[in-house]
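Q: What follows is a structure written as structure tokens; I'll ask about it next.
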Amino acid sequence: MRLSNRWVAKMKVLPESGMGYQVVDVHLKDGRVVREVIVINCEVMVEQGNQSFSEGDIQDVELHKS
């Protein structure tokens, strides 16, 4: 999914996990945490497996710590 300016701004302050991408944990408003989600160029979030959610479900995003 393409992220709005709000989340793009947040992603820009997080360090890259590799060249042009970040691996993040997405905290949803319903309390679930979707781990190891890939974000490309700070603006495209790639859904993981069967963990489907919309941008409106996101409460916070943080860099994944291995």
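The values are calculated or read from the model by the stated rules, or taken from the named source; none is laboratory data. Source: prediction; values computed, not measured. Reconstructed Cβ throughout: ideal geometry from the backbone, glycine too, with neighbour counts over all protein chains shown.
Q: Please specify each residue of the stretch 32-66 satisfying the condition of being closer than 20 Å to Gly20 by Cβ and β-branched (Val, Ile, Thr).
A: Val37, Ile38, Val39, Ile40, Val44, Val46, Val61
Q: Just the residues that are among the polar types (S, T, N, Q) and free of Cβ contacts under 8 Å to residues at least 40 places away in the same chain, please, taken from the stretch 35-66.
A: Residues of the stretch 35-66 that are among the polar types (S, T, N, Q), as a first pass: 41, 48, 50-52, 54, 59, 66.
Those that are among the polar types (S, T, N, Q) and free of Cβ contacts under 8 Å to residues at least 40 places away in the same chain: Asn41, Gln48, Asn50, Gln51, Ser52, Gln59, Ser66.
Q: Looking only at the stretch 41-66, which residues are part of a strand (DSSP E or B) and surrounded by fewer than 12 Cβ atoms within 10 Å (Cβ to Cβ)?
A: Val46
Q: Output the qualifying pairs, or none if there are none: Cβ atoms under 7 angstrom, residues six or more apart or on different chains, first residue in the stretch 15-32 and at pLDDT 95 or above, second residue of a type in the set (Ser, Thr, Tyr) and surrounded by 11 or more Cβ atoms within 10 Å (Cβ to Cβ).
A: Note: pairs meeting the criteria are Val23/Ser17.
Q: Which one is surrounded by the fewest Cβ atoms within 10 Å (Cβ to Cβ) among residues in the stretch 10-27 that are of a type outside the set (A, V, I, L, M) and in a loop (DSSP other than H, G, I, E, B)?
A: Looking at residues that are of a type outside the set (A, V, I, L, M) and in a loop (DSSP other than H, G, I, E, B), I get Pro15.
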